[in-house]
Amino acid sequence: MRRSAISGFAKKAREFLGEEGVLQEEVDLLVYEQDGTLALRGKADVVVFPRTVQEMAKVVELAYNYGIPIIGRGSGTSLSGGGVPVTGGVIVSTARMNKILEIDLENEVAVVQAGVINDWINAYLARMGYQYAIDLGFQYMADPGSQRVSTIGGNIAHNSGGVKCFKYGVTVNQLRGLTIVLPTGEVRRIGGKEFEQAGYDLIGLITGSEGTLALVAEAIVRIVPTYESSVTILAKFADLPTAGRAVSAVIASGAMPVAMELMDKLAVEAVESGPYAAGLPKDAEAVLLIQVEGSLPGAKEEASKVAEVLRRSGASGVEIVEDPARAAKIWAARKQAFGAMGFVGPNYVVEDGTIPRKKLAEALMLARAAGAKRGLRVANVFHAGDGNLHPLILYDERKPGEREKAIEAGEEILEACVELGGTITGEHGVGYMKKKLLPKMYRREEIELMKAIKAVFDPKGLMNPGKIFP
Amino acid sequence: MRPKSVEELVGAVQEANKEGRRLLPICRGSKAYMGPPVEYDEELQLGDMPKVVEVDEDEMVLRTSACVDAVELQEGLRKRGRRLALDPPLFRRSSIGGILSTNFYGPMAYRYMTPRDQLLSVKIVTGRGELMRFGVPVMKDVAGYNIKRLVAGSWGTLAVIVEAYMRIYALPDSVAVSATYRRPLAEVRRLRPTGAVESDGVLYLRFEGVKSEVEHRISAAGRGEIFYGAEAEEKWAEVTGAEDLFDRGEVVKVVSPPASLPEPPPGVRYIRYPLLGVMYLADEPPGGAKAYWLKPQRRWEVENADLMAKIKRVFDPNGVLSPGRLP
């Protein structure tokens, strides 16, 4: 029955999307079997490429009427399996909805289609002295030409964070308005260019709902002016607990860094082995990167204040990076960390827990131990300012059983995050990979309430099925 | 009705469901009789609920029960070198629960965003009378739907807030407020204030950070009366609190894209957040912008009300909490 529904759907979709807007060939579908989650596969029945809100609405309505699962997809960089069609169905790709529709500096907003690449907004804004503050720093080593790859739609679906959220907040804090497509194909506009909307926070509900309630077609995002000056501080530590305490001390000092990132020895080794090497100290157990911003005198004073706190907290070396070119290189190196893992291990599972910031060192040790007892190495990259850890568990898929061990170690780390008072996912989503961990965080009644809200939007259960809920 | 424990509160809401009794949850009540009108049978006075205040000054997280006075929290935090980065109208008359429930924010929201954005975790009793918790007291969490954001700003229509974990911030090294002349939006932005509020023809700009940052900004801000430290905080609290405005019989909130925020009609008492595009006005609102009456109580025009009504039914199927108010 599914088969005839699919061919009926595809035939009708071609009528308004054209031949090129509908993929059904086996070889074409292969590309959409995976997202950034290397440990999961699932096959779509058909992939469609709407160009406008109206086309997206029409194709969603069509799928809904045929009873076919609907999976939204941007660039497919999800690390939780969010973009994998685990039950089959139609993938609605936003690849052709890639236009920046308006930059409105007077109101400090940008209006974009869901398929716009995060970094395009910044590339566009840079010469106007503005920025979009969700700086994910996501780059694939496999395709260095593609630069940052994740889309605004995907960022919204996962409520992504990135390196600048210590100061600027996560994706939900940047959104003024959304245009969404409900499963029935009905188009809704929520909010606009105003700072707030009356009533319940539907933008907050849709953001991070991982495509299980509706598809995001367009967004109105806040943009913020760039400061006159930003300064990078580089500190190294002889052990992880000292680095962890230094992070807390900086936060408690009243400094307001834009970004605060920690890398452990193995992560530094990986980055320094590749083309993005930035001269990070390889002899340290942990390297902390901090960026502050302000007026010229203000940023300078704040940087020396932060440097002083770091020295007092036991850093074995602190450097205020004066040269902007070197600072840019250092941040590029940090943003390459995931991709650079190829230099120290053939495959990896990346986890995404958040813990109270003062428990950083403890969490790091637990992460290492979870790997070590399975004979696996774990590299650590943290958004330290937010307590968001990304342990990278290295494995070799040519060795039977290693992948399973890596996944198991990841789950152990996330359970430890919950026990430390944190969460199973800080910014990558629950998706498919972590849905069985959701009950570690929420009781049955609380999960039932969330499911009841899903039913308000998606009574037939067609939106990204098999995700979030166990 | 005055529950004295979480158990009594759960019992009271469950009882109300059985008897079809409609409740209006109240802490200090500074905003209980504002906004869209409520049809209720009884006030649910929460002032006797157990008081909880825990400050984790390293983690920069505050745990507080709903009915703690905002001023009391702020004073306690100040002694530890910390603060809530919140400056909504009526701050000095508010409880933290009331601020969260209405998502009332002030001009500093330009930099620190709204209470809803600073809320990390919330313990609630739903309209069904179920005790639940959503969110965790860490900076980033995307596990499951963002229910805490729905509760904040729902004006007591979905659940009763029992307890909240919120972000707190360190006191800045230096704070200054300049009382200066009004100027175009683009110019205000260029001065990089933490917040800007206009009241009776005077523009107040707030600057904070390390000393040289504040000095640099103040020197660029031009002619004006400058307040520093405690005096700056006092001035800012007085202007943003807007108590005399809210004591009037008519108060309406006007929201628009910042560049098209209307001018206040001449001679009318108002406060205005130029960077956010928000204005409170003691008069009929000018045309062309969205307007929400706070006093006298009138219904609001809310977009996507059908979806909100269905969400309300998930939390409160029998309509016992603040019915009529939202959506």
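Using alpha carbon coordinates only, what is the Rg to Rh ratio of chain A, with Rh defined as the Kirkwood radius?
Taking Rh as the inverse mean 1/r over Cα pairs, Rg/Rh reads 0.97.
Okay, helix-only estimate at 222 nm for chain B: each DSSP H run of n ≥ 4 adds -39500 (n - 2.57), divide by all residues, round to 500 deg cm²/dmol; what do you get?
-7000 deg cm²/dmol
Among B:C27, B:C67, which comes first, second and so on when ranked by fewest other beta-carbon atoms within 10 Å?
Ranked by crowding around the Cβ, least crowded first: B:C67, B:C27.
Treating the beta-carbon of each Lys and Arg as +1 and of each Asp and Glu as -1, no other charges, what is the dipole magnitude of segment A:276-317 about its Cα centre, to the nearest 20 debye?
With Lys and Arg at +1 and Asp and Glu at -1, about 80 debye.
What is the distance, in nm, between label points placed 7 Å from the Cα along the Cα-to-Cβ direction at A:Q54 and at B:I226?
5.8 nm
Okay, helix-only estimate at 222 nm for chain A: each DSSP H run of n ≥ 4 adds -39500 (n - 2.57), divide by all residues, round to 500 deg cm²/dmol; what do you get?
-10000 deg cm²/dmol
Can you tell me the order of A:172-183, B:302-313, A:199-210 when each peptide is scored by its average per-residue count of other Cβ atoms within 10 angstrom, highest first?
In decreasing order of mean packing, A:172-183, B:302-313, A:199-210 become A:199-210, A:172-183, B:302-313.
Counting partner chain Cβ atoms within 10 Å of every residue's Cβ in B:254-264, what's the average?
Averaged over the peptide's residues, the number is 4.
Remind me, what semi-axes does the protein assembly as shown give for its equivalent ellipsoid, largest first in whole Å, using sqrt of 5 times each Cα gyration tensor eigenvalue?
Its equivalent ellipsoid spans semi-axes of 38, 34, 26 Å.
Using the Cα atoms of segment B:173-241, I'd like the radius of gyration and the largest Cα-Cα distance, Dmax, both in angstrom.
Over segment B:173-241's Cα set, Rg and Dmax evaluate to 10.8, 30 Å.
Let me make sure I get this right: for segment B:267-307, a, b and c are the square roots of the gyration tensor eigenvalues over alpha carbons, sorted descending. Under 1.5 in a/c it's rounded, otherwise prolate if a/b > b/c, else oblate. Which is it?
Note, shape of segment B:267-307 comes out oblate.
For chain B, what is the convex hull (Cα atoms) projected area averaged across all directions, in square nanometres?
Orientation-averaged projected area of the Cα hull: 16.3 nm².
Pairs A:K282/A:K399; B:K31/B:K295; A:K405/A:K436; A:K399/A:K436; B:K123/B:K148; A:K167/B:K140: which exceed 19 Å Cα-Cα?
As for pairs spanning more than 19 Å Cα to Cα, those are A:K282/A:K399; A:K399/A:K436.
Averaged over peptide A:431-442, how many Cβ atoms belonging to another chain are found within 10 Å of each residue's Cβ?
What the average comes to for A:431-442 is 2.
Please label the shape of segment A:1-117 as rounded, prolate or oblate, based on the square roots a ≥ b ≥ c of the eigenvalues of the alpha-carbon gyration tensor (a/c under 1.5 means rounded; beyond that, a/b larger than b/c means prolate, else oblate).
oblate
Over chain B, with a Gaussian network built from C-alpha contacts below 10 Å, which listed residue (B:I218, B:I99, B:I161) shows the highest mean-square fluctuation?
B:I218
Separation between the B:V52 and A:E404 pseudo-spin-labels, each 7 Å from Cα along Cα→Cβ, expressed in nm?
4.2 nm
Which translational diffusion coefficient, to the nearest whole µm²/s, is obtained for segment B:193-327 from the Stokes-Einstein equation, given a Kirkwood hydrodynamic radius over C-alpha pairs, 37 °C and 0.692 mPa s?
188 µm²/s
Just to be sure I understand the curve: with the Debye formula and one point per C-alpha of segment A:100-225, what is log10 I(q)/I(0) at q = 0.13, 0.20, 0.21 Å⁻¹?
-0.49, -1.15, -1.26
Are any of the pairs A:K99/A:K300; A:K164/B:K290; A:K358/B:K253; A:K58/A:K467; A:K467/B:K18 more than 29 Å apart by Cα-Cα distance, and if so, which?
In this structure, A:K99/A:K300; A:K164/B:K290; A:K358/B:K253; A:K467/B:K18 exceed 29 Å between Cα atoms.
What list do you get for B:M49, A:M365, B:M34 if you sort them by fewest beta carbons within 10 Å?
The fewest-first ordering by Cβ neighbours comes to A:M365, B:M34, B:M49.
With 10 angstrom as the radius, rank B:K235, A:K399 by how many other C-beta atoms surround their C-beta, starting from the fewest.
By the 10 Å Cβ count, ascending: A:K399, B:K235.
Among A:L105, A:N122, A:P281, which residue has its Cα positioned farthest towards the positive end of the charge dipole of chain A, with +1 placed on the Cβ of Lys and Arg, -1 on the Cβ of Asp and Glu, and the dipole taken about the Cα centre?
Highest projection toward the positive end goes to A:P281.
What is the ratio of the Cα radius of gyration of segment A:345-439 to 2.2 N^0.38 Å, where N is its residue count, to two decimals?
0.99
Rounded, prolate or oblate for segment A:158-246? Axes are the square roots of the Cα gyration tensor eigenvalues, ordered a ≥ b ≥ c, and the cut-off for rounded is a/c under 1.5.
Prolate shape, in that a/c is at least 1.5 and a/b is the bigger ratio.
Counting Lys and Arg as +1 and Asp and Glu as -1, what is the net charge of the other residues whose Cβ lies under 11 Å from the Cβ of B:G249?
Once positives and negatives cancel, what remains is -1.
For B:K79, list the aspartates and glutamates whose Cα falls under 19 Å from its own Cα; do not include residues on the same chain fewer than 8 positions away.
B:E54, B:D56, B:E57, B:D58, B:E59, B:D69, B:D87, B:D173, B:E208, B:E231, B:E233, B:E234
Using a simple charge model, +1 on the beta-carbon of Lys and Arg, -1 on the beta-carbon of Asp and Glu, nothing else, what dipole does segment A:136-271 show about its Cα centre, in debye to the nearest 20?
For segment A:136-271, the charge dipole is close to 220 debye.
All of the numbers you see were taken from the coordinates with simple rules; none came from a lab. These numbers were taken from a predicted model, which means no experiment stands behind them. Heads up, the Cβs are rebuilt from the backbone with ideal geometry, glycines too, and the neighbour counts pull from every protein chain shown.
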